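Comments concern the structure below.
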Amino acid sequence: MGFPAHSLTPSEHAALLATEREGGPFLAYRDDHADLRLMPLGATDRVRIGRTADNDVVLAGNSEVSRAHAQLEAAGAGWMVVDDGMSRNGTFVNGERVMRHRRLEDRDVIRIGGTSILFRSPAVVDDESTALARAMPAARLTDAERRVLVALCRPLLEPGPGAAAASNQEIADALFLSLPGVKSHVRSLFAKLGVDDLPQNRKRAELARRALELGIVSARDL
């Protein structure tokens, strides 16, 4: 369970992957403005969730959330969610109501009012990129194809507002290549990373997503 890949922008997906690769537990959720928030848990042993500003996770725009709704507490090497009557409408994990407390597992989804909070503890299990790598044969790229792929993903590794995969013209300008040459490399990359059958308007974003997930392109390439 978690955020479906199609619900994330390329820059959000890159940020989520970067946080996963740090290996520590964290929370991922959308705030009242629908912006993705990533909260590492390594520096604390308690996280308060509620509607008022004195909470660590503030869900002010949700009337179903109590002022002090629930807490996450460190429990040994893991975490648990605690709701011992603090909330009016209850706290749910994977659709089941929490009765006092519940130990969290990697990828559990905490539901508070209308907000879903994803709990990740990637150090204890294989992450999505490992699973995808097992499912997909390693793509054998030429040096030229890899340079094009790095250029295509570069805006996502330097995320800013509205970051998106580079266009063919932007790649051509950055690498001093002809536009037809870039198009030829990109078509080959579509085939090698298994996105050839997608609608044309989705291929580029999915190509970048897979390159980042598989670790073919990373921040080390900048």
Among Gly85, Ser184, Ala174, which residue has its Cα furthest toward the positive end of the charge dipole of the chain, with +1 on Lys/Arg Cβ and -1 on Asp/Glu Cβ? Ser184
Under unit Cβ charges (Lys, Arg +1; Asp, Glu -1), what dipole magnitude, rounded to 20 debye, does segment 61-117 have relative to its Cα centre? 140 debye
How high is the relative contact order of the chain, in percent, counting Cα pairs under 8 Å that sit 6 or more residues apart? 17 percent
Just to be sure I understand the model, the point goes 7 Å from the Cα along the line to the Cβ. What's the resulting Arg88 to Asp196 distance in nm? 5.8 nm
Cα lying deepest toward the dipole's positive end in the chain, options Thr52, Ser116, Ala151, charges on Cβ: Ala151
Considering Cα pairs under 8 angstrom that are at least six residues apart, work out the relative contact order of segment 25-120 and quote it in whole percent. 24 percent
CD proxy at 222 nm, helix term only [per DSSP H run n ≥ 4: -39500 (n - 2.57); per residue of the chain; nearest 500]: -10000 deg cm²/dmol
Set of segment 63-89 residues, backbone N closer than 17 Å to the point 7 Å along the Cα-Cβ line of Arg103: 72-83
Suppose we flag trypsin sites (Lys or Arg not before Pro) only when DSSP calls them loop and at most 16 other Cβ atoms lie within 10 Å. Which is the longest uninterrupted stretch of the chain? 141-222
Debye calc, one equal point scatterer per Cα of the chain, no solvent, log10 I(q)/I(0) at q = 0.07 1/Å comes to -0.28
So between Asp173 and Ser116, what do we pick up on full extension, going 0.36 nm a residue minus the alpha carbon distance? 16.4 nm
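Relative to the present Cα-Cα distance, how much length would full extension add between Thr44 and Glu73 at 0.36 nm per residue of separation?
Taking 0.36 nm per residue and subtracting the Cα distance, the gain is 9.5 nm.
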For a bin width of 5 Å, list the pair-distance distribution of segment 25-103 built from all Cα-Cα distances, rounded to whole %. 3, 15, 24, 29, 21, 7, 1
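No lab work stands behind these numbers, since they all come straight from the coordinates. Treat the numbers as computed from the prediction; the structure is a model and nothing was measured. Neighbour counts are summed over all protein chains in view; Cβ atoms, including those assigned to glycine, are modelled from backbone coordinates with ideal geometry.
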